[in-house]
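Enquirer: Sharing a structure below in structure tokens format, with a few things to ask.
The values are calculated or read from the model by the stated rules, or taken from the named source; none is laboratory data. Because the structure is a prediction, the values reported are computed rather than measured. Note that we place each Cβ from the backbone using ideal geometry, even for glycine, and neighbour counts take in every protein chain shown.
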């Protein structure tokens, strides 16, 4: 009808009042040099070498902290741990808060 305003959709005006403002760990961007914690150990590890190799997952402990060395395609990060550098999926990493 002329002169009538379109009906408004509920919830389309923005986030709901009870929505959390804290971003999820998977939404936080990682940069080279960031400290990250290994959340879950994958069934195997792929080395971050030019000719990657599959290695046993016991080379890196659960909750071990490493440093992002390189950002790769498809959500993969080359992370340097105590026993080598491995390609780890973003889903298996959590950023570590800087002390202080």
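Enquirer: Are any of the residues in segment 50-62 touching a helix residue (DSSP H, G or I) at 6+ places or on another chain (Cβ under 9 Å), loosely packed, with under 12 Cβ neighbours inside 10 Å and at pLDDT below 85?
Expert: no
Enquirer: If I filter segment 19-36 for residues that are more than 24 Å from residue 95 (Cα to Cα) and modelled with pLDDT of 60 or more, do I get at least one hit?
Expert: Checked segment 19-36: no residue is more than 24 Å from residue 95 (Cα to Cα) and modelled with pLDDT of 60 or more.
Enquirer: If you don't mind, another one. Can you give me the number of residues within segment 30-49 that are surrounded by fewer than 16 Cβ atoms within 10 Å (Cβ to Cβ) and part of a loop (DSSP other than H, G, I, E, B)?
Expert: Here the count works out to 8.
Enquirer: Against the condition part of a loop (DSSP other than H, G, I, E, B) and either in contact with a helix residue (DSSP H, G or I) (Cβ under 7 Å, 6 or more places away or on another chain) or at pLDDT below 90 (or both), how does residue 10 come out, does it pass?
Expert: Yes, satisfied.
Enquirer: Here's a follow-up. Give the number of residues within segment 63-100 that are surrounded by 15 or more Cβ atoms within 10 Å (Cβ to Cβ) and in a helix (DSSP H, G or I).
Expert: Total meeting the criteria: 2.
Enquirer: Of the residues in segment 64-94, how many are out of contact with any strand residue (DSSP E or B) (no Cβ under 6 Å at 6 or more places or on another chain) and touching a residue at least 60 places away in the same chain (Cβ under 8 Å)?
Expert: 2
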